[in-house]
1. As an exercise, use a Förster radius of 25 Å and the Cβ-Cβ distance of A:ALA286 and B:LYS399 to find the FRET efficiency, rounded to the nearest 0.05.
2. Under 22 Å Cα-Cα from A:LYS226, which lysines qualify once same-chain neighbours fewer than 8 residues away are excluded?
3. Per residue of A:326-338, what is the mean number of Cβ atoms on other protein chains within 10 angstrom of that residue's Cβ?
4. Can you give the three extents of the C-alpha atoms in the stretch A:1-120 along their principal axes, from longest to shortest, in whole Å?
5. Shielding of A:378-389 by partners, i.e. mean partner chain Cβ atoms within 10 Å per residue?
6. Under 12 Å Cα to Cα from B:LYS186, which aspartates and glutamates show up? Leave out anything in the same chain fewer than 8 places away.
7. Would you mind checking A:LYS63/A:LYS378; B:LYS68/B:LYS399; B:LYS210/B:LYS329; A:LYS288/B:LYS116 for any pair whose Cα atoms are more than 32 angstrom apart?
8. Relative contact order of chain B, please, whole-number percent, based on alpha carbon pairs below 8 angstrom and at least 6 residues apart.
Amino acid sequence: MNTPITAPRDFGFGEDEAMLRDMARKMLSERFSMSRLRELVAASPEPVYDHGHRPSWDEPLWKEIVELGWTGLAVGEAEGGSGVSLAGIAGMVEEAGRHALPSPLVPTLSASLVLRAADSEVARQLLARVAGGATASLAITNERGSWEPGDAPLNATDDGEGLVLQGTARFVQDAFKADLLIASARAGEDLVLCAVERDAAGLSFEADHIHDLTRDQASVVFDGVKIVPGAIISREGASVLRSAWPALLTLVSADLCGASEWLLQATVEYAKERVQFDRPIGFFQAVKHPLVDAMVEIDRARSLLFHAAAEIDAGSAGAEVAARMAKSAASDAAAFISDRAIQLHGGIGFTWEYGLHIYFKRNLHNQALLGDGVHQRKKLADLLIGPVGSSGILNG
Amino acid sequence: MTEANLTPEQLEFREYAQRWLEENAPPPPPERLPITPIEVMTVGQRDYLQDWQYKCFAAGLVGADYPKAYGGHGHTGFQRIANQELNRAQVPFLINIVGLSMAAPTILHHGTEEQKRKFIPGCLSGEEIWCQGFSEPGAGSDLANQRTSAVREAEDWIVNGHKVWTSLGHFAKWMILVTRTSKDDKYNGLTYFLCPIAGHAGVTVRPLVKITGETGFNEVFFEDVRVPDANRLDDVGKGWAVAMTTLLAERGASEGAGSGGGSGSSAIADLIELARNSWRDGVLAVDDPVTRDAIIQRAIVGEGLRQNGRRARVAALCDHPMRLPLQQKLTASEFQQDNARLGVEIAGASASLYKLDPRAPDAGHWPLAYLNSYGNTIAAGTNEIQRNILGERVLGLPKSK
């Protein structure tokens, strides 16, 4: 446990990383206010919840974001990206979370981190496409909602010319915004990772009807989708996903931290203004103290977030432990502040119009994504304590 | 451990500190030590710990950043390194905690040149033990509600009153003492003294017994106690501001002088070891999923505290400069309490066994640590007061008083 920190003491979060984060913060503050968010995704509940439409997102803003190079942050310089550290990316994703930005940013960054871990010629070509503005998402989750890298949703068979994919990938994030899917399929003993274009023959998308208003999600049906050898990213898919996993957990944790801090500050501001019993409600300790507890939890999650990013950037053996701790802490901190934010706002927080629910739902979605706190802690127990039954003493 | 932001001298000092601690680890104590320095009870414990602090001081690991004129070693940025190494080495704590982390920084900030030269050296070497006279029966969380009075008489002040929860009072040569010198103003009617204790006329120190059955704390009675005006720290009526300096230092918001003792990760290792030796419904507790989850929750909080300390030094990742430092007392005390409570839960039926019982797991450590943990969640401003401070000073919520 007490492994020395080999990563830089400042988490590798220096001037460049701060500049990137500040740029993102400024741009989103100017271009994507709370009223814009509300108007975009929550003008009324009916389109999404009653008629099954996908939530709107700001495509012109997204084009600017792509031009600014945010989607190529995780792509190396050789492939035309900017090769920013995960610490820098985490700071930027926090800002996206803080603004509850509906966009394929996290899925595209996640896909590029998997491609980077694959380290193949095919992967490098795909990374160059991402750096050029292509969006991507991972199709790696099965119908059980298993978030672990060893479980694949699809089966791959060899037809002599390449592979044929069969099956249904579930819970594909922002699937309708993705140009490209990275699919995981079982091929004999290992998993194979394949690149699939959104308009590939045999591929169809069934929209999931979700509560989160800041993304879309789909079940993607692969009915005999043909994969040419030039689209096979890796035949060692399980180990590629395993090595990218800490970074994927870190991205979702960063989004959770950003959104949770926004909820904290919004609730603090409300508690300063809302007067009951002749005092701002923030005077009362029943309001003040839970907000402090939420701050403590968010700070723990943020510190663990940058620790995880720094460990991953340093290639440390402790990366998985750090990332799972970050995801556990971020999921739980998010659950707590989401709960307190609605409750402490009282009646107004319960209304559709006020809009707190947008953050509440984004957090609720991200808490479960890639495994919630309990899930991460189960994995951590195996890593830090040892598997169940490994104590060497006969139980009974 | 590579640290880009340390000077070559600081890096060299870290290596020196590591080497020195390896070569000079003290022998086992003659009797069981309490968990923290605020509960040192016996002369045997005191002598052992005073000797250890003196050795650390002489080696340059204590008082590293204090000026040489005040008995220190005159360096810059060495003490934090020494503290980290003292923690890492898991050597005994430094006994003179009140002198080191409260009296010395307060005197350095508010004292006259003469006071600094007279009082700080003994704080650092541990040769003069200090205690703290802030809390009273009627002044706990409402600290400004001080009743102990000091009345001017020629060159002296005459002190009358009653202080409680005085750690180390029975060994102390000096006390940092807050008194009321005016009834006209609650906050501006307080004055701060450096008061002689041991053998001083009119001072009575009586042990207080805690819920553990142990002493370690005291109450101190003042009956017409004469304190020279030369022992007044800062101006008459400035006692509240001086006391705030002390509390800020104590709560870890300033660079303290290090407490030593066990680190979070050893607490987790101890819990895992306990779970390997405890049973739950016919299986080892270490294989029980709920117990495993609970232990990992503790490990996450511990690592979070460690990383908070790291992040507090990265300005670009701190929106408010006091946000992390002001959390330290709250989070560290609750971390210890929750660890101890989990230890009691894991030990199960055996947690009923207290320190005299030969079958008690870890010699009764878990129930004792749990009972004792309330000392830290209550002392130095209860955790409810800490939540007020954080809510008001960091989040900007309206003041609760």
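1. 0.95
2. A:LYS177
3. 1
4. Sorted from largest, the Cα extents of the stretch A:1-120 read 53, 35, 32 Å.
5. 5
6. B:ASP142
7. From A:LYS63/A:LYS378; B:LYS68/B:LYS399; B:LYS210/B:LYS329; A:LYS288/B:LYS116, over 32 Å: A:LYS63/A:LYS378; B:LYS68/B:LYS399; A:LYS288/B:LYS116.
8. This gives 13 percent for chain B.
Where a number appears in this text, it was derived from the coordinates with a stated rule and is not lab data. Bear in mind the structure is a predicted one, so any value in this text is a computation, not a measurement. Here the Cβ is made from the backbone with ideal geometry for all residues, glycine too, and neighbour counts use every protein chain on show.
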